[in-house]
Amino acid sequence: MPFLESFTDQTPLELLVNIIDILLVWFVIYKLITIIKGTKAVQLLKGIFFIVIAYLITQALNLETLGWIMQQVLNWGFLAIIIIFQPEMRRALEQLGRGKLFASSTLNEESERNRLIEAMTKSVSYMAKRRIGALISIERETGLSEYIETGIPMNSDITSELLINLFIPNTPLHDGAVIVQRNRIAAAACYLPLSESPFISKELGTRHRAALGISEVTDAITIIVSEETGAISLTANGDLHRNLSLEDFELKLRRIWFGNGQQQQANSSWWNWRGKKNG
């Protein structure tokens with residue numbers, strides 16, 4: 001086969017150069033995908049892919065008029081791509097100028113983890129001082145889709161300001177739990193299952209029972225701020241950690257949510273979001 005012969009005719013050095021060339025192209029494409037991920041450019045790329053498929057079909061079926069139209073679209077497509085993807089191209093050039101385009105993804109993940117912990121700690125601190133009741137459940141391995149469906153969908157970035165606003169008394173979404181999925185707020189005003197354990201202290205209210213209930217049937221982490229006392233608590237794996245100081249809360253949340261440094265390096269995907277057990 002000519003394709004195989006082209007490889008066998010190459011010297012080891014030429015073969016190594018070709019492999020490096022392919023890997024570099026793959027890496028550049030991967031970085032470009034990460035830049036446009038989560039932007040409107042993804043939908044535009046789908047449209048371009050559809051146009052290319054339509055053009056190939058017109059060629060195969062010999063549809064002259066439609067084929068001519070598709071040909072014109074492709075001929076002017078390069079200029080259209082520059083205009084349509086101008087924001088993404090500008091962002092890529094800015095990142096390249098700052099030296100961030102090829103930065104380690106590990107540093108980006110660590111920065112995102114720190115941002116999430118800071119947002120959670122800041123919002124909990126604010127609500128605890130003012131005795132604003134709060135219930136925040138964080139999805140881990142076990143999916144929380146069935147509980148997300150009981151609330152109001154949000155799909156919002158996690159910020160301390162948004163979390164605080166969601167639990168302000170007498171607002172439409174303050175009653176119920178906020179569920180965090182990946183690094184976003186999936187839904188608010190969600191219903192969680194109440195624990196039926198007879199060993200729960202009688203002084204614990206509905207929020208604590210709901211937090212324990214979800215921790216008994218899933219591996220979710222749930223944060224509770226008491227409306228009566230402003231005390232901060234946290235549940236995970238059926239355990240309730242009560243009356244935490246802000247420093248202890250931050251340390252426990254970071255350790256349970258993200259694990260230690262060795263565990264973070266061992267996980268190739270973000271926070272073990274593969275292979276969910278429920279939804």
Quiz item: Out of residues 5 or more away from I138 or on other chains, whose amide H comes under 5 Å of its own, with H placed 1.01 Å from N in the peptide plane?
Solution: V180, I221, T222, I223
Quiz prompt | Where chymotrypsin sites (Phe, Trp or Tyr not before Pro) fall in DSSP loop in segment 154-210, at most 11 other Cβ within 10 Å | solution = F199
Quiz prompt | Relative contact order for segment 138-249, counting Cα pairs under 8 Å that sit 6 or more residues apart, in percent | solution = 22 percent
Quiz item: Which ³J(HN,Hα) values in Hz, rounded to whole numbers, follow from the phi angles of segment 12-22 under the Karplus curve 6.51 cos²θ - 1.76 cosθ + 1.60, where θ = phi - 60° and Gly and Pro get x?
Solution: x, 5, 5, 5, 5, 5, 5, 5, 4, 4, 5
Quiz item: Out of segment 137-176, which GluC sites (Glu not before Pro) are coil in DSSP terms and have no more than 16 other C-beta atoms within 10 Å?
Solution: E141, E149
Quiz item: Can you give the accessible area of T65 in Å² (nearest 10), computed on protein heavy atoms with a 1.4 Å probe?
Solution: 110 Å²
Practice problem: Quick one: check the C-alpha center-to-center distance for segment 186-221 versus segment 50-85, whole angstrom. | Solution: 56 Å
Quiz item: So how long is each side of segment 132-211 along the principal axes, counting just the alpha-carbon atoms, biggest first, in Å?
Solution: 37, 31, 19
Practice problem: List, in order, the whole-Hz ³J(HN,Hα) value for each residue of segment 164-180 obtained from phi through the Karplus relation with A = 6.51, B = -1.76, C = 1.60 and θ = phi - 60°; use x for Gly and Pro. | Solution: 5, 4, 5, 9, 4, x, 6, 9, x, 10, 6, 8, x, 9, 8, 10, 9
Practice problem: Could you tell me which of rounded, prolate or oblate describes segment 191-236, using a ≥ b ≥ c as the square roots of the eigenvalues of the alpha-carbon gyration tensor, with rounded for a/c under 1.5 and, failing that, prolate when a/b is larger than b/c and oblate otherwise? | Solution: oblate
Exercise. Using DSSP to define loop residues, name the trypsin sites (Lys or Arg not before Pro) in segment 184-213 whose beta-carbon has at most 16 other beta-carbon atoms within 10 Å.
Key: K202
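The values are calculated or read from the model by the stated rules, or taken from the named source; none is laboratory data. Not measured: the values here are computed from a predicted model. Cβ coordinates were reconstructed from backbone atoms using ideal geometry, including for glycine residues, and neighbour counts include every protein chain displayed. Accessible surface areas use protein heavy atoms only, side chains included; no ligands, DNA or RNA. Shrake-Rupley method; radii C 1.70, N 1.55, O 1.52, S 1.80 Å.
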